[in-house]
Structure formats: C-alpha cells, structure tokens
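The values are calculated or read from the model by the stated rules, or taken from the named source; none is laboratory data. Just so it is clear, the model here is predicted, and its values are computed rather than measured. Reconstructed Cβ throughout: ideal geometry from the backbone, glycine too, with neighbour counts over all protein chains shown.
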Amino acid sequence: MGIIVTNESANSEGSSVLSLFGAVLKRDLMLAYRKKSDLFNPLIFFLMVATLFPLGVSPEPDFLAQIAPGVVWVAALLATLLSMESVFKSDFEDGTLEQTLLSPQPLFVIVLAKVLAHWMMSGLPLTLLAPLLAVMLFLPAEGMSGLMLSLLIGTPTLSLVGAIGAALTVGLRKGGVLISLLVLPLYIPVLIFGTSAVQAAVTGLPLAGFFALLGAILALGLVLAPLAISAALRISVSG
Amino acid sequence: MSTALLHVDKLYCERDDRILFEDLSFSINAGEVIQVEGQNGSGKTTLLRILSGLSNHYEGDIFWKGALLSTVQDDFRREILYFGHHPGVKAVLTPEENLHWYAAMHPSIDGKKIAMALEQVGLRGFEDSPCHTLSAGQNRRVSLARLYLTSAKLWILDEPFTAIDKKGVAQKEQLILDHAANGGSVILTTHHELAISEKVRRFNLDELAGT
C-alpha cells in the first residue's frame, strides 16, 4: 500500500500524512514511557553482556580490545531481538491493532512510525550506551566513532527487519522463539558490515564503504519492510 | 432497484473442519438494524469479522454499494465502525488519549467532539485517569464513545452491551435507532433482550449452519 501523492493534492495529503505519523509516534513513545519495564529490559541486557564478558572469558585488555567490536555489536543485536516481540503484541491483545487495520489511513505510514518509535526506545539508547561498553572492553579510542556511526545506521535496520518477524508471529501464543529463527539470518549481513566498520576504524582503514553498505541496507529496509510488515499484520489478524 | 449498502452472496466459512455457515446470502440496506443470533460458537463473531474485512477466511462474495469489497477497501474502511470483543482501548492511556488516537486513525472525526462523547457515555471526570484504573464496563464505554464521534454509515457491533449497565444499554439502543433513522445501518450480535426488537431484523446462524 504505497502513498501516491498527485501534484495538486500534494500539500494537504503531505501534511495529513505527517500529522498521522506524528500522532502514532507520540502515542507509542507515551506508551513506552508509561510502561518503563519494556524500555529498560534491552538496556540492562546490553550492559550485562559487557560486564560479564571480561569475567567469563579473560580480563586481558589486549584480548578484550580485539573482541570488543564483535561483542558490542552482538549484544546490541540480541538486545534488539529481545525487545522485538513487544512491538505489536499489546496492540494485538487489546484490539487496537484491529482498529489500526480498519483505519482508512495508509498502513505504511502507521507501521513506519511504530518502528521508528521502537527504534527510539531500543536502538537509539543502545547506540548512546555503546561508548560506555566499548570503554569497559578496552576498545581503542579510534574505534569509537566507527562504533557509534555503524550502530546508528545499523540498528534501525534491525528494528525494521525484526518488526517483520514480530508482525508475522503476533497472532501466536509463543512467538518469541520463532521471531529469532525468522529474523536472525537477515540480521547477519548487518552484523558483518557493522563489526567490520568498527574493526576498520580501529586499524585506520577507510570506513566509507561499510557505511555505504549499511546505509544501502537501511534504505532498502525503509522502503520494503513497512510493506512486508503491513501484509504480515493483515495475515496475523485475519487468522 | 437501489443497491444494498452491503450484500453478501453465498458466503461459506469453515473452521477446524466444522462448517460455520454455507450458502449464506443477505443484504443490509440503509436504515436497517440487523441482529445476528446464534448460540455460542455458532460463528457470529467470525461473520462480523468477515464483514468488517478483518478476516478473509471465507468463500463467496461480499459487495459494498454494489462493488466487490476487495476492490473498494479504502472507501469501505472510511464508512464502517467495528466494535469487537477487545474494545481497542489502551490500558495505560486515558480515555481522552485513546479517543484522540482513534481520531487520528479516522481523519473524518472532529477532535473537538471528544469531550462531548465522553460526557455522553458517562465518563466525565475520568478523562485523565488511565484506563487500567477504570472498571471493565467503563473501558467498554470508552470504546462505545466512538459511536458518538464517527460519521461511519455501517456499524458492526460485536456484543456491544457486555458489562454495560441497564441505563447505558437503553441509551445505546436509542443511539442505534437514531443512527438507523438517519439512514445508517447496524449489524450487531448480543445476548441481551433488545427493547427495540420490533424495529430489528433478525437472523439466526444456527438455522443456517450446515450440520
């Protein structure tokens, strides 16, 4: 369900789409703010991994510096995955998802706003916390900008792709495991380019190529994932 | 011949190898109130979900104003109101915030009328209490407040009177009659004895079910 805006009605339609986007975003942020457990769960998980890793593997700074990019990225990926199940679950359970699907408004926009709200509650705080973890894991200072930027471009893709899995499984009683199985293969490219970017930053190699690839994946996800999410939601609610 | 608002032709639906209804054909005209009857599990909710476009597990054709439903989805969604088993009310939002969100989903609704609608359903003074602090009946009233806001032609109401007190039910029955008098249509299921039953067309799913 794309949004085709003709020239003459572009202004009014554009502004109504924007106000719809704003209304959905505001509502979801407010919901997250009032139910803070969903907000802190992935962050605590993220911090725990970074704290436990040196204890479990080795506290050697040299060794930790070597694995830091991978550990931070894997922890961010799993933390996002952990938070994915809740995106549509409560809307499905209280019937607001039904009402959303019955609305004449473009579902593409609604879904995009919901995913953005989810990212602002998971991917964005993870990105902001990442430097702290990186310091705990002795990541060299040169790698910091690469880590932040790669997470900033990479985590929105994780939210978009994860939301497809969440939409497909929202009607199932125990969908959590299934989401992981569905989504993990699609997360792997993001993980590879993300950690490669950080490693390149540490060794002083050019980064542009990795960011271009992560950006391209994100662009593709922004356009295609909302379509897939919308279709998946209709199937899930129909069942 | 005027075309019916909604026309159902030879609808067939089965669930878990059990035929809920087959060869079900009927029309809903403007100004009509239809009550779907049937015992628990006879497929009332399934029928209403199919009519609202939420479910597509059926065979047969549904026409909206003479056009096949699947071809006029956007127009159709603009003109229906669906009230389902789950009232569609967010527990952590206040009644007012819930209705504002609904208004955002349906741009034809005037946000200024929300306070009036809440007063009509007797929730004045509860505007700022989160819905999880309200009773079950009050939560359903929040959802029923949509009836005062909407400009939808066809109301699809699945058990709208559950947990609503007597006075509230009488008020909603009157609202349904007013809607019908203004040329709107209502299809509903309820186990309540309707006080307005003489103006309601009924059909029973038990008799239609293939055994």
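Observations on the structure shown:
Okay, residues lined up against (1) surrounded by fewer than 20 Cβ atoms within 10 Å (Cβ to Cβ); (2) at pLDDT below 95; (3) in a loop (DSSP other than H, G, I, E, B); (4) not hydroxyl-bearing (S, T, Y):
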site: A:L182; (1), (2), (3), (4): yes, yes, no, yes
site: A:P206; (1), (2), (3), (4): yes, yes, yes, yes
site: A:L214; (1), (2), (3), (4): no, no, no, yes
site: A:L222; (1), (2), (3), (4): yes, no, no, yes
site: A:I229; (1), (2), (3), (4): no, no, no, yes
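- Test: residue in segment A:132-147 that is assigned to a loop (DSSP other than H, G, I, E, B) and over 27 Å from A:P206 (Cα atoms): no
- Any hit, segment B:32-40, residues being away from every other protein chain (no Cβ under 14 Å) and farther than 21 Å from B:E159 by Cβ: no
- When segment B:200-211 is filtered for residues that are modelled with pLDDT under 80 and either within 15 Å of the chain's Cα centre (by Cα) or not acidic (D, E) (or both), the ones remaining, listed by number, are B:L208, B:A209, B:G210, B:T211.
- Test: residue in segment A:45-57 that is among the β-branched types (V, I, T) and closer than 30 Å to B:D158 by Cα: no
- Number of the exception - A:S122 against (1) polar (S, T, N, Q); (2) within 14 Å of chain B (Cβ to nearest Cβ); (3) crowded, with 24+ Cβ neighbours inside 10 Å: (2)
- A:A166 vs. criteria touching a residue at least 40 places away in the same chain (Cβ under 8 Å) and not β-branched (V, I, T): yes
Listed here are the residues, each with its yes/no results for (1) charged (D, E, K, R); (2) more than 30 Å from B:P107 (Cα to Cα).
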site: A:D28; (1), (2): yes, no
site: A:K35; (1), (2): yes, no
site: A:D38; (1), (2): yes, yes
site: A:I44; (1), (2): no, yes
site: A:V49; (1), (2): no, yes
site: A:P54; (1), (2): no, yes
site: A:S58; (1), (2): no, yes
site: A:L64; (1), (2): no, yes
site: A:A68; (1), (2): no, yes
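- Any chance A:V24 is buried (at least 18 other Cβ atoms within 10 Å of the Cβ) and either within 14 Å of another protein chain (Cβ to nearest Cβ) or touching a strand residue (DSSP E or B) at 6+ places or on another chain (Cβ under 6 Å) (or both): yes
- Set side by side, the residues B:V72, B:V92 differ, and just one is touching a Lys or Arg at 6+ places or on another chain (Cβ under 6 Å) and at pLDDT 90 or above, which is B:V92.
- Members of segment B:81-130 found to be within 8 Å of chain A (Cβ to nearest Cβ) and more than 25 Å from A:K89 (Cβ to Cβ), listed by number: B:P107
- Per this entry, B:G184 is counted among residues that are touching a Lys or Arg at 6+ places or on another chain (Cβ under 8 Å) and closer than 19 Å to B:N29 by Cβ.
- Odd one out for A:F138 among (1) surrounded by fewer than 24 Cβ atoms within 10 Å (Cβ to Cβ); (2) on the phi < 0 side of the Ramachandran plot; (3) in contact (Cβ under 8 Å) with a residue 40 or more places away in the chain: (2)
- If the condition is being away from chain A (no Cβ under 13 Å) and among the β-branched types (V, I, T), then segment B:45-80 contributes B:I62, B:T71.
- Restricted to strands (runs of 3 or more DSSP E) entirely inside segment B:1-119, those with at least 3 residues that are over 15 Å from the mean Cα position of the chain (by Cα) and surrounded by 14 or more Cβ atoms within 10 Å (Cβ to Cβ) are B:6-15, B:18-28, B:59-64.
- Within segment B:92-104, tally of residues that are touching a Leu at 6+ places or on another chain (Cβ under 9 Å) and in contact (Cβ under 8 Å) with a residue 24 or more places away in the chain: 7
- Residues within segment B:118-133 that are among the hydroxyl-bearing types (S, T, Y) and at pLDDT below 90, tallied: 0
- A:G162 meets each of the listed conditions (1) touching a His at 6+ places or on another chain (Cβ under 9 Å); (2) surrounded by fewer than 22 Cβ atoms within 10 Å (Cβ to Cβ) apart from (2).
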